[in-house]
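To keep things clear, I will list the structure first and then write my remarks on it.
The values are calculated or read from the model by the stated rules, or taken from the named source; none is laboratory data. Model, not experiment: these values are computed from the prediction. Note that each Cβ is placed from the backbone with ideal geometry, even for glycine, and that neighbours are counted across all protein chains shown.
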């Protein structure tokens, strides 16, 4: 299916077998989902400047030897940013700061508090301090990219519990499960970590 998707992205004609794969595998839908997810990830990391050059182009899902210069440069920038993030994460872990994506699953038997626990807890204790009455609530967006951006904007540099996060949006009863779904997806992608029932951005 991905070979067919790459041909579609390159604007090449499909043969009869590839047309069958395209029809049965809903390859166009697969491409749309890939592009939507890629855009959401770029937005989550604040790297929208790379999305226009990388999302939806040939070489996004399978290797492509002869890439346009702009695309190759964007990929080099992306790789460089990922290397920097990896180095930052390694340095944090060396200092004892580990932001588990799923603490209950990844580190269920932990008994020793992390080295940064006291400072982290002090920050967590004050992160939900904004009075709810002063919050300007907004509607929960419908698109995945917009939902991830909304969570990023709401969390910022602070750590929030689920109720504190939900309080920023209208219709909390209907919005809570949707926010949980978005948080779960962001945790799976390594964008959000959870510690002591507080959510914070990673990276």
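Couple of notes before you dig in:
- Against the criterion of being at pLDDT below 90, under 23 Å from residue 51 (Cβ atoms) and surrounded by fewer than 11 Cβ atoms within 10 Å (Cβ to Cβ), residue 118 does not qualify.
- Which listed residue, of 13, 51, 60, 70, is at pLDDT 85 or above and surrounded by 15 or more Cβ atoms within 10 Å (Cβ to Cβ): 51
- Flag for residue 71 being within 21 Å of residue 35 (Cα to Cα), in a helix (DSSP H, G or I) and either more than 20 Å from the chain's Cα centre (by Cα) or not assigned by the TED database to the domain that holds residue 11 (or both): yes
- Residue within the stretch 157-171 that is under 17 Å from residue 39 (Cβ atoms), outside the structural domain of residue 32 (by the TED database) and either free of Cβ contacts under 8 Å to residues at least 12 places away in the same chain or buried (at least 17 other Cβ atoms within 10 Å of the Cβ) (or both) present: no
- Test: residue in the stretch 137-155 that is crowded, with 16+ Cβ neighbours inside 10 Å, at pLDDT 90 or above, closer than 22 Å to residue 108 by Cβ and touching a strand residue (DSSP E or B) at 6+ places or on another chain (Cβ under 9 Å): no
Residues checked against (1) within 30 Å of residue 156 (Cβ to Cβ); (2) in contact with a helix residue (DSSP H, G or I) (Cβ under 8 Å, 6 or more places away or on another chain); (3) part of a helix (DSSP H, G or I):
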| residue | (1), (2), (3) |
| --- | --- |
| 4 | no, yes, yes |
| 19 | no, no, yes |
| 23 | no, no, yes |
| 32 | no, no, yes |
| 36 | yes, yes, yes |
| 43 | yes, yes, yes |
| 59 | no, yes, no |
